Amino acid sequence: MKTIKPLLFALMGLFLTMTSCRTEDDVNIDPPTESILQPNSALASQIQLVTMNDGSIDNIVYNANCFTIQLPLSVTINGVELTITNVNDYDDLEDILDEFDDDDDNIAIDFPITIISADYTEIQVNSLDQLEDYADDCNDENEIDDDIECLDFVYPITASLFNTSNEVVATLTFTNDYDLYEFIDDIDEDDLIGFEFPISIVIADGTEIVINNFDALDNAIDIYGDDCDEDDDYDHDDDDCTNCTPSQLESILTACSGWYIDELERNDNDLEDNYNGYLFDFFTDNTVTVTWSGNTANGTWTTSGTGNNITVTFDIPGFDDINDTWYLDEIDNDDDDNETEVSFEIGDDDELEFKNDNCN
């Protein structure tokens, strides 16, 4: 890592220049905004909003966007006991929830728990009634909230601090959002703050952007801070294809033959049994062939869109239950048993899932 001394010397030099060389005519001169983070500035507030605790990350456990539940957390879901030790374990919880479509999912939380608010205040909660009381103070799903979730800082970040009242000099290295949030929260009007640039941010599509000064950081937050769906809703299934692409879908469906319909629901009717023995083969020229009982049907399939808004249109003569424009819901590759599932949906009720047992 580059030495921090030049930053400290620059800050001290700015301070000496500001204090020893001023006259009545230049009392309003400020240091360059690109090198100094101004206390109580709009940018300082924006940095705090980026580093706030995102309360929506565990909405699969409990619907509340303004706090998270501290891990580890023990729950019982549909009779299955599960200990969640990190955010990746939410996927295991989702697998249990999604195992059956026609059951009433029930998550029982093992109290007491600790909830962590947006400003990282920790509160012990001893019962479901207490948890509901705190959740009532949160915004409802998809309502505008303060935190900026569409970009993240890449850590570590090193900052220098020079206090103009007591001339205390310090260097600090931050490795997570909490540390940086608390640092910004504690700075006062006598502090001169510098970051060791360049730093990097990651925007919603996964692109990493290098930032060389505070002006560039300010501009990046303005551009990308509201440039995504923050997923502040209570539907744990609607982000399963955040990183999906049409080319990925096409590669998976055309890589192997013998797809079959594992689930098909239209207008609350389960229709998959009507397609037992039907095998679907998808080709790179966007044609599809269906074979069953010595019969063959030929049609087309086309894709468009990105991420959670990828659509697939099927047009196969005689297959009216399938012919429609579907939204891609999830691509699930299970390396353990070679199963691959590709799920589509229309609204909240219609579902189509193709499965292949030898596609890895």
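The values are calculated or read from the model by the stated rules, or taken from the named source; none is laboratory data. Please read all numbers here as calculations on a predicted model, not as lab measurements. FYI the Cβ positions are ideal-geometry reconstructions off the backbone, even for glycines, and counts take in every protein chain you see. For accessibility, only protein heavy atoms count, side chains too; no ligands or nucleic acids. Shrake-Rupley method; radii C 1.70, N 1.55, O 1.52, S 1.80 Å.
The local environment of residue 323, defined by Cβ-Cβ distances under 15 Å, has a net charge of -4 under the rule Lys, Arg +1 and Asp, Glu -1. Each Lys or Arg adds one and each Asp or Glu subtracts one; over the other residues with Cβ under 10 Å from the Cβ of residue 162, this totals -3. Of the solvent-accessible surface of segment 67-214, computed with a 1.4 Å probe over protein heavy atoms with every protein chain present, carbon and sulfur atoms account for 41 percent.
Other residues with beta-carbon under 15 Å from the beta-carbon of residue 277 carry, at +1 per Lys or Arg and -1 per Asp or Glu, a net charge of -4. Packing, taken as the mean count of other beta carbons within 10 Å per residue, orders the peptides 58-68, 287-297 from highest to lowest as 58-68, 287-297. Which of the three applies to segment 238-322, rounded, prolate or oblate, going by the alpha-carbon gyration tensor with a ≥ b ≥ c and a/c under 1.5 meaning rounded? Since a/c reaches 1.5 but b/c is at least a/b, the shape of segment 238-322 is classed as oblate.
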